[in-house]
Amino acid sequence: MKLTQFVNIWLLFVTTVLAVQPFKKVWENTQYSRVIDVGKSFVKERHDIQVTNIDSEPAIQYLFGLPKHMSPDATLVVAIYATKDGKRALLKPQKIPVQDEDLTYFDLKFPYPIAPGSTFEFILSFMITNQMVPYPEHIPMEKTQVIKLNTYAYPLTSYDTISYSLDIANTKSVTELNLDDLPILFEKVENERSVSFVASDLIEGNTVYDFTFTYPRNLPLTYINYLQRDLWVSHWSNTLQLEEYYELTNHGAKLDKGFSRSKYMTESIANKPHHAITALRIPFDHSKALQYDSIYYVDKVGNVSTSQYYENELIIRPRFPIFGGWNYNFTIGWDYKLDQFVKQQDDEYIITTKILDGIQDSTYDKVNFTIYLPEGAELLDYALPFAVAEPTITNQYSYLDVESGHLKVTFEFENLVDEMKNLSIVIRYKYTTYAMLHKPLHAAFYIFLALMGLYVLKKIDLSIKPNEKSDKIESEEVEIIDKDEKSEN
Amino acid sequence: MAVSFDKEGYLRVDASVLATLRLLVITSIAISLSIAAIGSRLFSVIRFESIIHEFDPWFNFRATKYLVNHTFYKFLNWFDDKTWYPLGRITGGTLYPGLMVTSAVISNLLNKLSLPVDIRNITVMLAPAFSTLTALSTYLFTYEVTSSTKTFKNNKTPALLSAAFIAIVPGYISRSVAGSYDNEAIAITLLMTTFYFWIKSVKLGSIFYASITSLFYFYMVSAWGGYVFITNMIPLHIFVLILMGRFDYKLYTSYCTWYALGTLMSMQIPFVRFSPIKSNDHISSFGVFGLLQLVIFANYFKTILSPKLFNNFMIAFGTIILSLGLIFLIFATKFGWIAPWTGRFYSLWDTNYAKVHIPIIASVSEHQPTPWSSFYFDLNYLIWCFPFGVYLCFNDLSNESIFVIIYSVLGSYFAGVMIRLMLTLAPIVCVCGSLTIGKLIQIYLDIKLYLKEKNEKKEDYNNKENITNLSNLISKLLIILTMIFYLFFYVQHCIWVNSNAYSSPSVVLASKNRDGSAAIIDDFREAYYWLRMNTEEDSKVMAWWDYGYQIGGMADRTTFVDNNTWNNTHIATVGKAMSVNETNSEIVMRKLGVDYVLVIFGGLLGYSGDDLNKFLWMIRISEGIWPEEVNERSFFTDKGEYRIDELATDSMKDSLMYKMSYYKFGEMFQNRDPVDRVRQQRLSSKYANEIHLDILEEVFTSENWLVRIYKLKEEDNFGRSLVEIGDKERSEEGKSKRSKRLQTKKRPNLDLRV
Amino acid sequence: MARKDVKGVKKVSVKEIPAVEKPFNKSTTTTTTTTTSSKISWYEELSKSIDTALIQYKKDLASSRRLRLIDTFLAFLMISGIVQFAFCILGGSNPFNTFLSGFGACVGQFVLTVALRVQSFDKNPEIAFGEYIFASLLLHFVLVHFMNQLA
């Protein structure tokens, strides 16, 4: 994965590709200001674009691209524009199947056609995970981690850009690695919290160049390879039980030599910002009251006694500091009162829950989101903020299930970041009163049956084994037999 | 009416009501005892968590998980390639499957009842659950013993007392707290149940009860190696009874049924297999079996022949049989038909045997002889009630009492030999103690007698008698109060011992913060989990055998040696790798295929059970195989001290164990002198910083330095030895340091010039 | 106290001994031979005692059909056991567990049957017989399981 990425980037870097399909230059980017936010462990990009229709006809379609190697990592690609009454509205760009070696194209449809000569302003925003690479890969424990980020230099559109600026936000110092190779010069301005590069000239469409820079970032690159998020719905106890199993890796810089505890302690690394993960913070969702005494934090060898929670966040300390390349698997969970999530109408229920309880500043590669509906429930409908594959629906035999087991609905998400924790999933299901009563009735019946069985067994026991239990009755018979025998003799 | 007042105003209660009441009382006593038994075993779960304790339980837990996840046949044929690398272990054939099967059955049963309880919780709670059954079987046992005696006829007091005693006796709790998922956890229950059915079958001469005895014997064999205790107790009982001239057909019926069925059943366990006919542990039971055939044969003659004739006949008969038997025994041992007397067997008789001949057995702390204090510690005041209980059995020499006497004698002896066998003594001490207390209650607390006397007194009132009665009452009261005090004290002591001595999981250590609040030292799991998360799945971890099961269970990595000490040479090899210098150790480790080395170091925390304290055993064991390369004497200074500071011997300083323990230990203290808090020795700062390690690289050390993990470095590409490279680097480093110092000195001059 | 001890023992033995002798004594009350043994040699004495025993045994057999049945079965078991043992010595013991289960069946069944025999004149032989069947079933269940197990 890594290697191919590098190769790809290298290819991009070497070949100045003009292979972008010669789309018609309908637009002109009159102003293009791009902000790369590197404050987190994933890249957030925001493009403020003002376009002018330079064609003779009104136009509605705007095409832009993303480097092909980045596009699988790109997530939540949206465009925002201001409506006439000042509100913000969302546009969803669609991927279009255009064959291209380097770029994946997105098609953005404006809300209304733009007349020739008029302008339209919108914001393009997306996140790209998996982009930050420690540079160098191996560093001593006490050294500050430097991150290398490889991105593209100019707007990836086929339209000419009049004025272009590139801001790298949330870092103070940026070292460019390949500024000299770029055809259009950048002017570098260092601000308090960001570094800006302003293009000195007009950028023609389809100018694809790589831009690589490094910046210090002494924080871990928390990466969750896999998250199993289970929600157990119980109507009887009115609880929504949450359990999350994490497989976590720090993608930060690796240690050049082995881990030295003495250095770790004498430099008191645990108490300062560092590229090792010493604690994970999970902000709680304020709108829902959770049961604090139900919080648990375990891993495969038992309870981890180092979690703390405050009013608004859970802080969990892993068993050991997680340096670059180290892994840590763990499970956390807690309970909610169910009625905060569920709305009922007759036999139908609608449950709305968050898709994540994000660990601060982390990337999720694969998320297995499972909701366990009570036995006998029936899934009617679901809604998600983004498109995913159909959920798999199976049954899970669990506590006090009498027949088929809980209804298990599993969604698979990919490539999420913790900032998506506010997105929710809505599930509509049917759960009849009969199904609700079915279980206790069944259990009661079985207990009754067991007691009856015991009673019957006790009865049988007396009649079958006279040998051991009732000597007296037996002995009389035996005496009779004895007599018979004697008489025979 | 069930309850009524008769004409004279006395309360009359119907017999059926009384019976129900009695049942109710006994049931409630049983329930309270169960609660007491379980409750007193839960300290560790409440204080720490539901976790498997110690060392062996981790293996049992792992095996149980294997059984639950695979089929039973797969379990029996389980070849474990994750231990004893590269040999592996035929685990399925070298374990007692009873414990695992028990929990697997419980787990499956609960699953069927749609209660999918986590297997870990089942294993953790198995021992407490079985302890309640132990109380029940002890009750039955004592009742069976006492019900036939004159003194306690129809008196359930001793039986109930014994159940109460065994429920909380520390000697038993030590092996049955929640999380102590060991064979002994269920074995004591089975031991008492087997004995109960045994004395019952002897009493009745019933084939049925003897069959039940053999069934429980089979369960016991499947669960614990200590079944040999039963195998020898029962024949001894019979033998003594025969010697006492108590032979009757009941003995024959019960013993022969038990022996025939029990022996064949025990051979079903793969690990036991043919040892009932080959090993000497079982020879006595076989001998008594043969003897009984002869005795019943002789007994037949006894009924026919005159005493004189019979006597002569017996002498001739006996001589022939005895000589034949002896000759067979000698030949069989000589030709190797029956196993030679094993080391563990010898160490039972000669407590010094192990220390001299088999260090690996002696190195286990629970194989040490029992100190006197621990008898009191584990049994409290029952230990001095015990002899009196035995005396009461002598008073009432029934077959059952003789069994109790034999058990007491054997149990006491074995408990004195090995500290772990205190466990087998505990039940009989409880039984005998209950006889004593029961007797005391009978004498001094008999209300019936008192009421009767009072009735009589009404009729003829006498002043003089009153005084004697009063003194009588006072003396009775005194004794009763003392007894009650001791009973209270017993409970208090048991709870105290359970809470303080036997409830530590030893995987997790309790400590205190500076402000006095409770803290947990979790270094073992920290390190094991690090191994599990951050090493290749097939990496091989070398550690002393104590930690083998834990590494297998928690870190899920391949080990070289573990607590199933079946291969002494392999253990000695690991011991050698730890105790020789780096160059030689590297050779051993490369040959073994070591990836990681794990040591336990308590010097920073003051944890005395660390590897440096066990180091002498490693040296001794490897010296047994390689006397030229490892020499115990060379690890002691000329004065005979075990030193680890600068005055340590060269062998000590060069040994891998020493270096792994103190590597970078000096850095922690910066410029102060580091102190080893276990051995109370001070290393000078300069010396401590010079301790270096060339063939290994520190990859992890836990928070309190308890566990340190090293990785064996890759071999050098140019074929240089790693030690050489290290030496060279060090000398260069020394030079550069000097030059650096010169530079820093120069700098002011430069500044001045500018 | 010591006296009490003796008492206890006596009491028990008085109780128990009749039970022991019952199976054999039932019909042999008068046949105890009284011999003047001082003059005759050791060997003669021995053979004489065996003779007496044999005569008594034949008498017992003749008197009870049940005994005849049991003793025939015992003889069969013994012969079967001896044959198997001889085969083991001559023909080799491999597979050992098969030999063991065969031989064990003979020995086990033999002792069980003897146990039944000594109880057969007990108060209620039906109980003894029921127990005997229970134990025999158990025995053979175990043996069948053992027979084909690879060592």
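If contacts are Cα pairs under 8 angstrom and at least 6 residues apart, what is the relative contact order of chain B in percent?
12
Over 21 Å between C-alpha atoms is what I'm after, so list which of A:Lys25/A:Lys95; B:Lys150/B:Lys200; B:Lys664/B:Lys728; B:Lys576/B:Lys686; A:Lys92/A:Lys430 land there. Write down the numbers at each step before the final one.
Working: A:Lys25/A:Lys95 19 Å; B:Lys150/B:Lys200 17 Å; B:Lys664/B:Lys728 19 Å; B:Lys576/B:Lys686 29 Å; A:Lys92/A:Lys430 32 Å.
Exceeds cut-off: B:Lys576/B:Lys686; A:Lys92/A:Lys430.
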request  = Kindly state, to the nearest 0.05, the FRET efficiency for B:Gln680 paired with A:Thr266, given R0 = 30 Å and r defined as their beta-carbon distance.
outcome  = 0.80
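Starting with the highest mean, order B:72-84, A:407-419, B:22-34 by the number of other Cβ atoms within 10 Å, averaged over the residues of each peptide. Don't skip to the answer; put the middle values down first.
On the way: B:72-84: 16.3, A:407-419: 19.8, B:22-34: 13.2.
Per-residue Cβ counts within 10 Å, averaged per peptide and sorted highest first, yield A:407-419, B:72-84, B:22-34.
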key: Dipole axis of chain A (+1 Lys, Arg; -1 Asp, Glu on Cβ), positive-most option in A:Val417, A:Ser404, A:Val133   = A:Val133
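Taking Rh as the Kirkwood radius computed over C-alpha pairs, what is the Stokes-Einstein D of the protein assembly as shown at 37 °C in a medium of viscosity 0.692 mPa s, expressed in µm² per second?
Numbers: Rh = 38.9 Å.
In µm²/s, the coefficient is 84.
Quote the charge dipole size of region C:65-151 about the Cα centre in Debye, to the nearest 20; the model charges only the Cβ of Lys and Arg (+1) and of Asp and Glu (-1).
On the way: 5 positive and 4 negative charges, 42 e Å.
So the dipole magnitude of region C:65-151 works out to roughly 200 debye.
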message = In whole Å, what are the extents of region A:2-216 along the principal axes defined by its C-alpha atoms, from largest to smallest?
response = 60, 37, 31
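Within a 10 angstrom radius of each residue's Cβ in B:239-246, how many Cβ atoms of other chains show up on average? Whole number is fine.
Numbers: counts 0, 0, 0, 0, 0, 2, 3, 6.
Whole-number average of other-chain Cβ neighbours for B:239-246 is 1.
Find out how many positive minus negative residues lie around A:Gln50, taking Lys and Arg as positive, Asp and Glu as negative, among other residues whose Cβ is under 10 Å from that of A:Gln50.
-3
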query = To the nearest 10 degrees, how steeply does helix B:399-417 sit against the main Cα axis of chain B, on a 0 to 90 scale?
reply = 20
remark   = Quick calc, region A:222-431, dipole around Cα centre from Cβ unit charges on Lys, Arg (+) and Asp, Glu (-), nearest 20 debye, gives 1060
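Using DSSP H assignments, which helices in chain A have an axial alpha-carbon span of 20 Å or above and a mean Kyte-Doolittle hydropathy of -1.0 or higher? Please list the in-between numbers first.
Values: long enough: A:433-464 (45 Å, 1.00); A:471-488 (25 Å, -1.51).
For chain A, where a helix must reach 20 Å along its axis and average at least -1.0, the hits are A:433-464.
Regarding region B:44-86, what's the average projected area of the Cα-atom convex hull, expressed in nm²?
Details: hull surface 15.9 nm².
Across all orientations, region B:44-86 yields a mean hull projection of 4.0 nm².
Rg to Rh ratio, region A:222-431, alpha-carbon atoms and Kirkwood radius? Could the numbers behind the result be given before it?
Working: Rg = 18.8 Å, Rh = 18.5 Å.
With Rg and the Kirkwood Rh in hand, the quotient comes to 1.01.
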request  = Using amide H atoms built 1.01 Å from N in the peptide plane, name the residues 5+ places from B:Leu647, or on other chains, whose amide H lies under 5 Å from its own.
outcome  = none
request  = Specify the angular offset, from 0 to 90 degrees and rounded to the nearest 10, of the alpha carbon long axis of helix B:98-112 from the longest principal axis of the alpha carbons in chain B.
outcome  = 80
Environment charge of B:Ser585, counting only residues whose C-beta is closer than 10 Å and scoring Lys/Arg +1, Asp/Glu -1 = 0
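How big is the dipole moment of chain A about its Cα centre under a simple scheme where the beta carbon of each Lys and Arg is +1, that of each Asp and Glu is -1, and everything else is neutral? Debye, nearest 20, please.
Working: 47 positive and 66 negative charges, 262 e Å.
Computed charge dipole of chain A: roughly 1260 debye.
I'd like the Kirkwood hydrodynamic radius of region B:519-713, using the inverse of the mean 1/r over distinct C-alpha pairs, in Å. Numbers along the way, then the final one.
On the way: mean 1/r = 0.0597 Å⁻¹.
Roughly 16.7 Å, rounded to one decimal.
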task = In square nanometres and to one decimal, what's the mean projected area of the convex hull around the Cα atoms of region B:493-562?
result = 6.3
inquiry  = Out of the chymotrypsin sites (Phe, Trp or Tyr not before Pro) in region B:553-613, which ones are loop residues according to DSSP with at most 16 other C-beta atoms within 10 Å?
reply    = B:Trp566
note = Given the candidates A:Tyr349, A:Tyr310, A:Thr249, the one whose Cα lies deepest towards the positive end of the charge dipole of region A:222-431, counting +1 at each Lys or Arg C-beta and -1 at each Asp or Glu C-beta, is A:Thr249
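Calculate the translational D of region A:180-278 in whole µm² s⁻¹ from Stokes-Einstein, where the hydrodynamic radius comes from the Kirkwood formula applied to all Cα pairs, the temperature is 10 °C and the viscosity 1.306 mPa s. Mind showing how you got there, number by number?
On the way: Rh = 19.3 Å.
It diffuses with D of about 82 µm²/s by this estimate.
In peptide B:255-268, what is the residue-averaged number of other protein chain Cβ atoms found within 10 Å of each Cβ?
Details: counts 2, 7, 9, 2, 3, 12, 9, 1, 5, 13, 7, 1, 8, 6.
Other-chain Cβ atoms within 10 Å of each residue's Cβ, averaged: 6.
Just in region B:590-660: which GluC sites (Glu not before Pro) are loop by DSSP and have at most 16 other Cβ atoms within 10 Å?
Values: sites: B:Glu623, B:Glu628, B:Glu629, B:Glu632, B:Glu641, B:Glu646; in loops: B:Glu628, B:Glu629, B:Glu641, B:Glu646.
Loop-located and lightly packed - B:Glu628, B:Glu629, B:Glu641, B:Glu646.
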note = Note on region A:2-216: contact order normalised by length, alpha-carbon pairs under 8 Å, 6 or more apart, percent, works out to 26
Whole-percent pair-distance distribution, where bins are 20 Å wide, for the alpha carbons of chain B = 14, 40, 30, 12, 4, 1, 0
Where the Cα pairs of region A:130-237 fall when distances are cut into 10 Å bins, in % = 12, 34, 25, 14, 8, 5, 1
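Report, for the protein assembly as shown, the % of DSSP beta bridges that are antiparallel, rounded to 5. Intermediate values should be presented prior to the final figure.
Working: 152 of 177 bridges.
Of those bridges, close to 85 percent are antiparallel.
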query = How many Cβ atoms of partner chains, on average, are near each residue of C:130-138 if near means within 10 Å of its Cβ?
reply = 6
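Gain in length, A:Gln94 to A:Thr394, computed as 0.36 nm per residue apart minus the alpha-carbon separation, to one decimal in nm?
Additional length available on full extension: 104.8 nm.
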request  = For chain A, calculate the relative contact order in percent as a whole number, restricting contacts to Cα pairs under 8 Å that are 6 or more residues apart.
outcome  = 13
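So what's Rg/Rh here for chain A, counting alpha carbon atoms and using the Kirkwood radius for Rh? Numbers along the way, then the final one.
Details: Rg = 32.6 Å, Rh = 27.2 Å.
We get a ratio of 1.20 for chain A.
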query = Tilt of helix B:568-579 relative to the longest C-alpha principal axis of chain B, in degrees (0 to 90, nearest 10)?
reply = 40
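The numbers here are math on the coordinates, done by the rules we state, and not lab data. This is a predicted model, so every value here is computed, not measured. Counting neighbours? That spans all protein chains shown, and the Cβs are built from the backbone with ideal geometry, glycine included.
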